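Visitor: Provided herewith is a single structure, encoded as structure tokens, for subsequent inquiry.
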Amino acid sequence: MRPSSRNLILDAAIRVTEREGITGLTLESAAEEAGVTKGGLMYHFRTREELLIAIQRHLTGAWEERLAAELGKPLEEASARETTAAYARVGTEAGASKADLAFMVESVTHPELARVWNDLMNRWTPPTRSAEPQDVDLFLARLAVDGLWLYEATSGVPVSGPVREAVRQRLMALTETENTDAA
């Protein structure tokens, strides 16, 4: 198999998840969607568990790329306020996909999947350290972004452009407040 087959399989597995949910994702359904044999898929992912973890890493990798591009500087040089602002801007642009949501829900009972997502979120929206207003504002921004994509994923009702922009502006106000900031 070509080296790019791994990513083609992951993208195919994500399409299956988008269409049929995580319970509809099998090695067979992912192989069929990718146009490879089950053996070809198993060359890269021996078990469904390996496939699930690889998908979670693939999904979070896509988020990480968008966040890094939005941040515009190395993550290690950014403050918690700057990384949370980048998360708010990215999260209000397109939100999460149904696959993102499916894997988030699956993470509740699957510690390895949770660890992959939590590692990403801890880098970009660090855990709230205090009840100080500036820390609570960052926490509220994260909750609002997460709530926006959850609302859209579960309600089937897209947020209109003007409302999305108004939400985005309010979140930017929360993340741009100048206060002492634990980086």
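Visitor: In the stretch 161-181, is there at least one residue being open to solvent by less than 80 Å² (accessible area, probe 1.4 Å), modelled with pLDDT of 90 or more, part of a helix (DSSP H, G or I) and in contact with a Phe, Trp or Tyr (Cβ under 7 Å, 6 or more places away or on another chain)?
Guide: The answer is no, given that none of the residues of the stretch 161-181 is open to solvent by less than 80 Å² (accessible area, probe 1.4 Å), modelled with pLDDT of 90 or more, part of a helix (DSSP H, G or I) and in contact with a Phe, Trp or Tyr (Cβ under 7 Å, 6 or more places away or on another chain).
Visitor: Of everything in the stretch 42-67, what is within 24 Å of the chain's Cα centre (by Cα) and aliphatic (A, V, I, L, M)? Give them in sequence order. Give the derivation first.
Guide: We begin by selecting, within the stretch 42-67, every residue within 24 Å of the chain's Cα centre (by Cα); these are 44-45, 47-67.
Of everything in the stretch 42-67, those that are within 24 Å of the chain's Cα centre (by Cα) and aliphatic (A, V, I, L, M) turn out to be Leu51, Leu52, Ile53, Ala54, Ile55, Leu59, Ala62, Leu67.
Visitor: For the condition farther than 24 Å from Glu152 by Cα, open to solvent by 50 Å² or more (accessible area, probe 1.4 Å) and either touching a Gly at 6+ places or on another chain (Cβ under 9 Å) or in a helix (DSSP H, G or I) (or both), what is the one hit in Glu65, Glu70, Glu76?
Guide: Numbers: Glu65 fails: farther than 24 Å from Glu152 by Cα; Glu70 fails: farther than 24 Å from Glu152 by Cα.
Just a single option satisfies the conditions, and that option is Glu76.
Visitor: Check the stretch 37-60 and report whether any residue there is in a helix (DSSP H, G or I), open to solvent by less than 20 Å² (accessible area, probe 1.4 Å), modelled with pLDDT of 95 or more and among the small types (Gly, Ala, Ser).
Guide: yes
Visitor: Which condition number does Asp11 fail, the rest of (1) within 24 Å of the chain's Cα centre (by Cα); (2) surrounded by 16 or more Cβ atoms within 10 Å (Cβ to Cβ) being met?
Guide: With (1) within 24 Å of the chain's Cα centre (by Cα); (2) surrounded by 16 or more Cβ atoms within 10 Å (Cβ to Cβ) applied to Asp11, the lone miss is (2).
The values are calculated or read from the model by the stated rules, or taken from the named source; none is laboratory data. Computed from a prediction, not measured in an experiment: that's the story for all the values here. Don't worry about glycine lacking a Cβ; one is built from the backbone with ideal geometry, like all the others, and counts go over all protein chains shown. Side chains are part of the model used for accessible areas, which takes the heavy atoms of the whole protein and leaves out ligands, DNA and RNA. Shrake-Rupley method; radii C 1.70, N 1.55, O 1.52, S 1.80 Å.
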